[in-house]
1. Taking every pair of alpha-carbon atoms in the chain, what share in percent sits in each 10 Å bin, from 0 to the bin with the longest distance?
2. Pulled fully out, how much extra length does the chain show between ASP67 and HIS283, if you take 0.36 nm times their separation in residues and subtract their Cα-Cα distance?
3. Which order do the peptides 54-60, 263-269 take when ranked by the mean count of other beta-carbon atoms within 10 Å per residue, highest first?
4. Could you work out how far apart the two model spin labels at ASP317 and ALA7 are, taking each label as a point 7 Å from the Cα in the direction of the beta carbon, and quote it in nm?
5. Tally the DSSP beta bridges in the chain and give the antiparallel ones as a percent, rounded to 5.
6. Under a Cβ-only charge scheme (Lys and Arg +1, Asp and Glu -1), can you give me the dipole magnitude of the stretch 198-289 about the Cα centre, in debye to the nearest 20?
7. Only helices at least 24 Å long along their own axis, judged from Cα atoms, and with Kyte-Doolittle mean hydropathy of -1.0 or greater: name those in the chain from DSSP H.
8. Please work out the Kirkwood hydrodynamic radius for the stretch 59-276, using every pair of different C-alpha atoms, and report it in angstroms with one decimal place.
Amino acid sequence: MQPFELAISGVRGLTPYQPGKPISELERELGFRNIVKLASNENPLGPSPRALEAARRALSSLHLYPDGNGFELKAALAGKLGVDSGQITLGNGSNDVLEIVARTFLSPATKAVYSEYAFAIYPLVVQAIGATAAVAPAHDGVRGPRYGHDLDAIAELVDETTRVVFIANPNNPTGTYLTRTELHGFLAGLPNHVIAVVDEAYFEYVEAADYPNALDWLAEFPNLVVTRTFSKAYGLAGLRVGYAVSNERIADLLNRVRQPFNVNIPALEAAKAALDDTDHLAHSIRVNAEGLARLSRALAERKLAVIPSVGNFVSFDLGRPVAPVYEALLREGVIVRPIANYGLPHHLRVTVGTSEENSFFLTALDRVLEP
Ligand SMILES: Cc1ncc(COP(=O)(O)O)c(C=O)c1O
């Protein structure tokens with residue numbers, strides 16, 4: 001038998017995650033260095049200097065295993081979030097936590113539900129286990145924000161075999177969000193054999209007044225798991241630190257499945273220091289808010305339909321297959337993200353950069369779209 005036939009059927013059907021094109025790859029292809037990457041929703045300001053310093057200090061301990069329990073980072077997070085350390089599960093990025101949830105609660109006999117256009121890791125982790133994925137159609141724009149999660153449609157797919165529902169709030173790549181009332185009502189209606197994962201990877205960026213903090217509901221909903229990350233507003237995507245907050249019984253289960261040393265020493269130290277640098281976080285949020293407003297406006301002025309976003313990225317409709325525009329932008333030295341793999345073949349997603357990077361992108365886009 002060939003290895004392909006030996007793999008479980010879920011794995012055979014998997015399409016690998018397509019990351020944004022790395023800068024180094026485009027440098028090799030183009031032979032020049034002035035490249036702007038706005039493809040992976042990273043923080044254009046970089047990490048907090050305090051986080052960098054902490055990571056550097058940690059390098060002399062690289063011969064040691066990390067604290068497998070992440071005691072200090074969990075204590076710092078617990079203090080900041082107003083929860084107990086026992087409610088936290090650390091991950092190698094929040095992707096790791098999402099996979100741990102899937103491995104803890106799903107099996108080939110059970111089902112997970114998520115929305116059309118939802119974050120790409122959900123199908124991956126569900127299929128890899130051989131569980132069934134039920135995909136709810138997104139809003140068509142009549143009852144809710146076009147492309148956004150339709151919670152009624154998601155609820156309709158929940159049945160006796162459903163064990164996990166993934167909700168991204170806000171969602172990537174659409175940037176759409178669910179309000180406090182909408183999400184609370186949905187969670188209240190879920191049966192108690194379903195774990196609700198509310199993925200808040202972009203939580204820190206969201207400024208909408210009716211955007212909820214799902215941590216507020218942990219006491220009310222014992223099956224709620226909230227995931228967050230240091231990859232976005234905290235600017236530490238390269239170190240891979242994320243976490244889940246849930247009730248202690250769920251955290252205990254997740255921590256049984258977790259690899260014991262899944263967060264490395266520089267990452268633990270940098271994340272702890274980043275939490276303390278509230279100035280860097282506030283600055284990152286401010287720069288993003290300005291850039292998001294500017295990009296959204298500028299794209300709309302160019303008659304490109306923008307999906308209103310509350311994250312650090314915005315997706316827009318070119319009204320035709322995007323490959324030629326994406327390729328032409330690469331030749332201009334700008335990396336954005338085609339999102340055909342999400343079922344949006346006419347959309348490009350651009351991450352909010354610094355003011356200079358946003359200008360560079362808009363100038364390149366104008367050149368590329370010139371009639
Ligand atoms: C909605 C959403 N959730 C989770 C993640 C995972 O990020 P990380 O694994 O870096 O924490 C991302 C990354 O793009 C995301 O967009």
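Readers should treat all values here as calculations from the given coordinates under stated rules, not as data from a laboratory. Note that the coordinates shown come from a computational prediction; the quantities given were computed from them, not determined experimentally. So basically every Cβ, Gly included, is an ideal-geometry build from the backbone, and we count neighbours across all protein chains shown.
1. Over the chain, the share of Cα pairs per 10 Å bin runs 5, 23, 32, 27, 11, 1 percent.
2. Numbers: separation 216, 0.36 × 216 = 77.76 nm, distance 3.08 nm.
Gain on stretching ASP67 to HIS283: 74.7 nm.
3. On the way: 54-60: 15.6, 263-269: 22.7.
Most protected by this proxy first, the peptides run 263-269, 54-60.
4. Roughly 3.5 nm, to one decimal.
5. Working: 18 of 37 bridges.
Among the beta bridges of the chain, antiparallel pairing accounts for roughly 50 percent.
6. Numbers: 8 positive and 13 negative charges, 93 e Å.
It comes to approximately 440 debye.
7. Working: long enough: 278-301 (34 Å, -0.15).
Qualifying helices: 278-301.
8. On the way: mean 1/r = 0.0572 Å⁻¹.
For the stretch 59-276, inverting the mean 1/r across all distinct Cα pairs yields 17.5 Å.
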